[in-house]
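Each reported figure results from applying straightforward, stated rules to the coordinates on display, with no laboratory input. Note that the coordinates shown come from a computational prediction; the quantities given were computed from them, not determined experimentally. Here Cβ is always computed from backbone atoms with ideal geometry, including for glycine, and neighbour counts include all displayed protein chains.
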Amino acid sequence: MDVATTNAAGLALAVATTAALVDWKRGEIPNWLTLPPIVVAPFVYGLAFGMDGALHSVGAVILSGLVPYAMFRCGAMGGGDVKLFGALGAITGFDLLAGIEIQLGAFVAAMILACGVLAWRGVLLKSLGNAFVLALNPAVPPRWRRQACDALRQPIRLGGPILVATGIFAAPHLLGWSHR
């Protein structure tokens, strides 16, 4: 499985790199990039490792896409990002939780990016204070509730943070440092 793991990590990094570039230029992550891995990876894992490999890949798609899909339904994430997380889960199906590791890393990278952008604009402390007050909204009387400021409503393209997280995940596999 060592060669397969290395190949899968390299493919995941290639898909994430392409997604980040397209997201940066056009603001979307296209279906032609995300849907083929979701469909093809379980078959490849099935051919290489039997039914267990195929089921791992399908399970990884579901686990990797569950939270992003819920966020998409709430309007907090784009559909391309959801499919990209699913595709990366399918590709890294050798490890059932790899897609979730990439997802967590991407959210942390996006948070750092967002804080950096807010600091650059000079509204970081105001935004953090506003976020704190908004978190308390459900516990206070309706007349004391506040609306989110515009700085908290700005979208963030996730292609770059997903690439960073995929790179961090793939590096040990590609450099032979993995002990999984």
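Annotations
- Compared with the dominant principal axis of the Cα atoms in the chain, helix 98-121 is inclined by about 30°.
- Acute angle (nearest 10 degrees) that the helix 159-174 long axis makes with the longest principal axis of the chain, alpha-carbon atoms: 40
- Helix axis angle, 31-73 relative to the chain longest principal axis, alpha carbon, degrees: 10
- Of the residues ASP2, ASP81, the one with the fewest other Cβ atoms within 10 Å heads the list, and the complete ranking is ASP2, ASP81.
- Here the chain is assigned +1 on the Cβ of each Lys and Arg and -1 on the Cβ of each Asp and Glu. Its dipole about the Cα centre then comes out at about 940 debye.
- Whole-Å distance, taken between Cα centres, linking segment 10-72 and segment 87-143: 22
- Applying a DSSP loop filter and a limit of 12 other Cβ atoms within 10 Å to the trypsin sites (Lys or Arg not before Pro) in segment 40-146 leaves ARG146.
- P(r) tail for segment 52-121: Cα pairs beyond 20 Å make up 33% of the total.
- Using equal-weight Cα scatterers in the Debye expression, the normalised intensity of segment 39-87 in log10 at q = 0.21 Å⁻¹ is -0.66.
- Legend: calculated FRET efficiency, LEU97 to GLN154, from the Cβ-Cβ distance at R0 = 30 Å, rounded to 0.05, equals 0.45.
- Among THR18, THR92, VAL140 - extreme Cα towards positive end, dipole of the chain, charges at beta-carbon: VAL140
- Ratio of Rg to Rh over segment 1-95 (Cα coordinates, Kirkwood Rh, two decimals): 0.99
- Normalised per residue, the volume of the convex hull around the Cα set of the chain (Å³): 133
- FRET E, pair TRP144, ILE168, Förster distance 45 Å, beta-carbon r, rounded to 0.05: 0.60
- The share of alpha-carbon pairs in segment 106-168 lying farther apart than 18 Å comes to 46%.
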